[in-house]
Amino acid sequence: FHRGYYIRARAVDHCVQDFLLKTQSHPRTQMLSLGAGFDSLYFRLKDMGLLHHTVVYEVDFPNVACQKATLIKRTKELSALVGDTGGEGLGVITFSGEDYKLLGVDLSELSELERALEEAGLDNEIPTLFIAEVVLTYMENSRSDALIQWAAEHFSQACFLLYEQMHPEDPFGRVMQQHFSQLNSALRSLAHYPDCEAQQRRFFEKGWTECSVMDMNEFFTCCTPEDEQQRVQALEPFDEYEEWHLKCSHYFVLTASKGMEPSWTPLLSNMTVPHRDGPVRMAGSITAAVCAMQSEICGLRRYGHHSVLIKPNVILTTGGFGEEDGQHCRMRNSHVLIKHAGSWKAGCVKKENPDKRWDERLYHTVSRLSNSLALVVGGRTSPSSAGLGMLWVKLTETCNASDPDDITVELVSLQPAANFCFCDIPNSDFSFTWLSFSVGEKYLFLYGGRSAMEPVLGDWYFLHTQELSCTVIPVEGAIPEGRHSHSACSWKGGVIIAGGLGAAEQPLGSVFFLRELEHGFQWQRVETHPPLIPRYSHTAHVHDGKLLLVGGVWFHSSSVPGITVIDLMTGLCLDYTINVEHLEWPLMLHNHSSVFLPNEKELLLIGGGGNCFSFGTHLNPEPVSLSLSNILTSH
């Protein structure tokens, strides 16, 4: 919530102050804020002493303008700044100060708007900045296009600043559109102008000669100084990275100009020029289908959970945040999926020790040790919570192995060996997977993650499961940079680490193999070609020498991650889209879990989604099946 409004205000302030700086040699300039609402931009700029020769005009519906005028008059600090000259209440001008004019006009009535601005003193021969923050998208396209063209045609030195939504058809975009439709505020421009390129063409076609546009991930990365990024990231506990980055990839900031000498390009001047990749080249598509279910249960609608194939045809899902007893909450119950006669049956697992509650952790790991035993490590209940230690999960079957109601679970807190400290366990978003070392010895390898104090961790532990002790094993080679929300898979006695989110909150595209040596292990980078698109919050599996990366979040806003297949022997990296035409709801592939069934070459996607600051909670309602036989055979 805080970051979302911060980045919007930051983008507008950045562009507005750049306009004021570049035009300071002109004797007079002006700004026109369209659909200004209760924006405080004028008062902030005035208080900062930046409006020496600039008049600010604000336009909104008459009732909104009247409310704002009343508020200004009642607030002595605002009245003092605006320097009231008593011109309020004259026609459409609801408030008039020396350098501030507030007008009540319907923007869609262009001739009316033009007359009102002329009456208020707007000069079409001096440098003018038009500002439209999430305004034009609520108008009919013909009317908003006419307004953009009018501004270009009637002002000799004009600049335009636009902030709006985009990408309506991907999963997050569909949830976003649904939110605004429920508010009876449909986003009308999205169908005609769905992305940055379409918006840029729009302005060129309407008479603007310069136009730059970027999504808000690009803006934060390229136009926000590094020290400011670090300041914002350290302000408060935070763990909603996926929703933050998805929100930023669905909003853009655009600047356009004409007749300006020199050209006005605030998104490019004195900053890193963003490199926008072309469309992701896809090798094919994989069709998603809702799993054939004998029963429905809302407990699988969750995110931040973990699912593990505990034995053939039996999947255990624990933890996370989701829907339970008709409410959204941290999940208290574990659930199983059992395959029988070609379809899946879901059920809530009974507790053998009812007094021992699941501690409502999210973003933990679960590692299968046998058909009836799994180890839970780490996780959190909030961004600032400490690591939650380890639990045994013991499963017991009664009479009918195909019925979830006949499976019970026992939770047992662990007392590890003296050399293993719970404070060493990462808070969350780390990886935990099997590896082998020396004859007959198996270890669980814990790598990366984050803690309440450290945004990323880059260390690792070898956990001997029989003794519950950490073992020191020599590791050589260049150490990967710290990360969380990455993936880890066992391969050839070692571990494959892929992707993740780095210390600067930037997705990583590196893949590392911790390979077994005679007396230890060695980090070895896996070179992929073409290079792997950086991502995080994905899941991963290895099958027959091929690394499968499933979903996740990346900054490549023209598409969403599907399935990526990396040949670990050759490094060949191929991306596949997920065809969701048979699903009636948006499939969000972050914060999900996935289980690979090697015999069937089938991938089950369980849960996923998130809680966006503005658009509400979206949980994938049902498990989804992907058949990978074609791509694993042909790859």
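Any residue in the range 97-126 that is under 18 Å from Ser142 (Cα atoms) sitting within a Cβ distance under 7 Å of a residue that is surrounded by fewer than 19 Cβ atoms within 10 Å (Cβ to Cβ) and among the basic types (Lys, Arg)? List the pairs, counting only those 6 or more apart or interchain.
Close Cβ pairs (under 7 Å, with a partner that is surrounded by fewer than 19 Cβ atoms within 10 Å (Cβ to Cβ) and among the basic types (Lys, Arg)) amount to Ser108/Arg143.
Taking the range 237-250, which residues are of a type in the set (Asp, Glu) and either in a strand (DSSP E or B) or buried (at least 22 other Cβ atoms within 10 Å of the Cβ) (or both)?
So the first thing to find is which residues in the range 237-250 are of a type in the set (Asp, Glu), and the list is 239-240, 242-243.
Residues satisfying the conditions are Glu242, Glu243.
Taking the condition of being touching a residue at least 60 places away in the same chain (Cβ under 8 Å) and open to solvent by 30 Å² or more (accessible area, probe 1.4 Å), how many residues in the range 139-165 meet it?
Of the residues in that region, 2 qualify.
Within the range 564-585, can you find the residues that are open to solvent by less than 20 Å² (accessible area, probe 1.4 Å) and free of Cβ contacts under 8 Å to residues at least 40 places away in the same chain?
Hit for the range 564-585 is Thr564, nothing else.
Tell me the strands (runs of 3 or more DSSP E) entirely within the range 437-539 that contain at least 2 residues that are touching a Leu at 6+ places or on another chain (Cβ under 9 Å) and free of Cβ contacts under 8 Å to residues at least 40 places away in the same chain.
On the way: elements: 442-447, 460-464, 469-471, 487-491, 494-498, 511-516, 521-525.
Result: 442-447, 460-464.
Mind telling me which of the residues Glu410, Glu476 ends up being more than 21 Å from Lys351 (Cβ to Cβ), among the acidic types (Asp, Glu) and either open to solvent by 10 Å² or more (accessible area, probe 1.4 Å) or modelled with pLDDT of 75 or more (or both)? It would help to see each step written out before you state the result.
Numbers: Glu410 fails: more than 21 Å from Lys351 (Cβ to Cβ).
Result of the check over Glu410, Glu476: Glu476.
Considering only residues that are open to solvent by 10 Å² or more (accessible area, probe 1.4 Å) and either closer than 18 Å to Glu236 by Cα or at pLDDT 85 or above (or both), which ones fall in the range 379-390? Before the answer, list the steps.
Here is the first cut: in the range 379-390, the ones open to solvent by 10 Å² or more (accessible area, probe 1.4 Å) are 381-388.
Matches in the range 379-390: Thr381, Ser382, Pro383, Ser384, Ser385, Ala386.
Please verify whether Ala36 is over 21 Å from Leu117 (Cβ atoms), open to solvent by less than 20 Å² (accessible area, probe 1.4 Å) and at pLDDT 95 or above, treating the condition exactly as stated.
On the way: over 21 Å from Leu117 (Cβ atoms): no; open to solvent by less than 20 Å² (accessible area, probe 1.4 Å): yes; at pLDDT 95 or above: yes.
Considered against the rule, which asks whether it is over 21 Å from Leu117 (Cβ atoms), open to solvent by less than 20 Å² (accessible area, probe 1.4 Å) and at pLDDT 95 or above, Ala36 comes out as no.
For the range 109-133, give me the residue count where each residue is within 40 Å of the chain's Cα centre (by Cα), surrounded by 17 or more Cβ atoms within 10 Å (Cβ to Cβ) and either farther than 26 Å from Ala9 by Cα or aliphatic (A, V, I, L, M) (or both).
4
Of all residues in the range 251-282, which are open to solvent by less than 40 Å² (accessible area, probe 1.4 Å) and either out of contact with any helix residue (DSSP H, G or I) (no Cβ under 7 Å at 6 or more places or on another chain) or at pLDDT below 60 (or both)?
Of everything in the range 251-282, those that are open to solvent by less than 40 Å² (accessible area, probe 1.4 Å) and either out of contact with any helix residue (DSSP H, G or I) (no Cβ under 7 Å at 6 or more places or on another chain) or at pLDDT below 60 (or both) turn out to be Ser257, Met260, Thr265, Leu267, Ser269, Pro274, Val280.
Could you tell me which of the residues Lys394, Lys356 is in contact with a strand residue (DSSP E or B) (Cβ under 6 Å, 6 or more places away or on another chain), touching a residue at least 24 places away in the same chain (Cβ under 8 Å) and more than 20 Å from Leu309 (Cα to Cα)? Steps first, please.
On the way: Lys394 fails: more than 20 Å from Leu309 (Cα to Cα).
One residue alone meets the criteria, Lys356.
Taking only the range 205-223 into account, find how many residues are among the aliphatic types (A, V, I, L, M) and either open to solvent by 20 Å² or more (accessible area, probe 1.4 Å) or within 14 Å of Glu505 (Cβ to Cβ) (or both).
Filtering the range 205-223 for residues among the aliphatic types (A, V, I, L, M) gives 213-214, 216.
Now restrict to residues that are either open to solvent by 20 Å² or more (accessible area, probe 1.4 Å) or within 14 Å of Glu505 (Cβ to Cβ) (or both): 216.
Result for the range 205-223: 1.
Can you name the condition, by its number, that Thr70 falls short on among (1) touching a residue at least 60 places away in the same chain (Cβ under 8 Å); (2) surrounded by fewer than 21 Cβ atoms within 10 Å (Cβ to Cβ); (3) hydroxyl-bearing (Ser, Thr, Tyr)?
Of everything listed in (1) touching a residue at least 60 places away in the same chain (Cβ under 8 Å); (2) surrounded by fewer than 21 Cβ atoms within 10 Å (Cβ to Cβ); (3) hydroxyl-bearing (Ser, Thr, Tyr), Thr70 misses just condition (1).
Show the residue pairs meeting these rules: Cβ distance below 6 Å; 6+ apart or different chains; first residue within the range 39-56 and over 20 Å from Tyr6 (Cβ atoms); second residue at pLDDT below 95 and open to solvent by 40 Å² or more (accessible area, probe 1.4 Å).
Here the result reads Lys46/Leu81, each pair linking the range 39-56 to a residue that is at pLDDT below 95 and open to solvent by 40 Å² or more (accessible area, probe 1.4 Å).
Pairs, please: C-beta under 7 Å, at least 6 apart or cross-chain, first residue assigned by the TED database to the domain that holds His364 and within 13 Å of Asn591 (Cβ to Cβ) and in the range 306-322, second open to solvent by 40 Å² or more (accessible area, probe 1.4 Å) and of a type in the set (Lys, Arg)?
Phe321/Arg330; Gly322/Arg301
Quick one: Ile407 ticks every box in (1) under 30 Å from Thr617 (Cβ atoms); (2) without any contact (Cβ under 8 Å) to a residue 60 or more places away in the chain except a single one, so which number is it?
Tallying (1) under 30 Å from Thr617 (Cβ atoms); (2) without any contact (Cβ under 8 Å) to a residue 60 or more places away in the chain, Ile407 fails exactly one: (2).
Go through (1) touching a Phe, Trp or Tyr at 6+ places or on another chain (Cβ under 8 Å); (2) modelled with pLDDT under 95 one by one and return the number of the condition Ser557 breaks.
With (1) touching a Phe, Trp or Tyr at 6+ places or on another chain (Cβ under 8 Å); (2) modelled with pLDDT under 95 applied to Ser557, the lone miss is (1).
(1) assigned by the TED database to the domain that holds Gln24; (2) surrounded by fewer than 14 Cβ atoms within 10 Å (Cβ to Cβ): which one isn't true of Lys101, the others all being true?
Every listed condition holds for Lys101 apart from (2).
Does Gly551 qualify as being of a type outside the set (Asp, Glu) and in contact with an Asp or Glu (Cβ under 9 Å, 6 or more places away or on another chain)? Steps first, answer last, please.
Numbers: of a type outside the set (Asp, Glu): yes; in contact with an Asp or Glu (Cβ under 9 Å, 6 or more places away or on another chain): no.
Judged against the criteria, Gly551 is not a match.
What do you reckon, is Pro561 open to solvent by 10 Å² or more (accessible area, probe 1.4 Å), over 19 Å from Ile496 (Cβ atoms) and either in contact (Cβ under 8 Å) with a residue 24 or more places away in the chain or charged (D, E, K, R) (or both)? Full working, then the answer.
Details: open to solvent by 10 Å² or more (accessible area, probe 1.4 Å): yes; over 19 Å from Ile496 (Cβ atoms): no; either in contact (Cβ under 8 Å) with a residue 24 or more places away in the chain or charged (D, E, K, R) (or both): yes.
Judged against the criteria, Pro561 is not a match.
So which of Glu527, Glu505, Glu602 ends up being within 19 Å of Arg483 (Cβ to Cβ) and open to solvent by less than 50 Å² (accessible area, probe 1.4 Å)?
Numbers: Glu527 fails: open to solvent by less than 50 Å² (accessible area, probe 1.4 Å); Glu602 fails: within 19 Å of Arg483 (Cβ to Cβ).
Step by step, each of Glu527, Glu505, Glu602 is checked, and only Glu505 is within 19 Å of Arg483 (Cβ to Cβ) and open to solvent by less than 50 Å² (accessible area, probe 1.4 Å).
The values are calculated or read from the model by the stated rules, or taken from the named source; none is laboratory data. Please read these numbers as outputs of a predicted model, since none were measured by experiment. So basically every Cβ, Gly included, is an ideal-geometry build from the backbone, and we count neighbours across all protein chains shown. Surface accessibility is based on the protein's heavy atoms, side chains included, excluding ligands, DNA and RNA. Shrake-Rupley method; radii C 1.70, N 1.55, O 1.52, S 1.80 Å.
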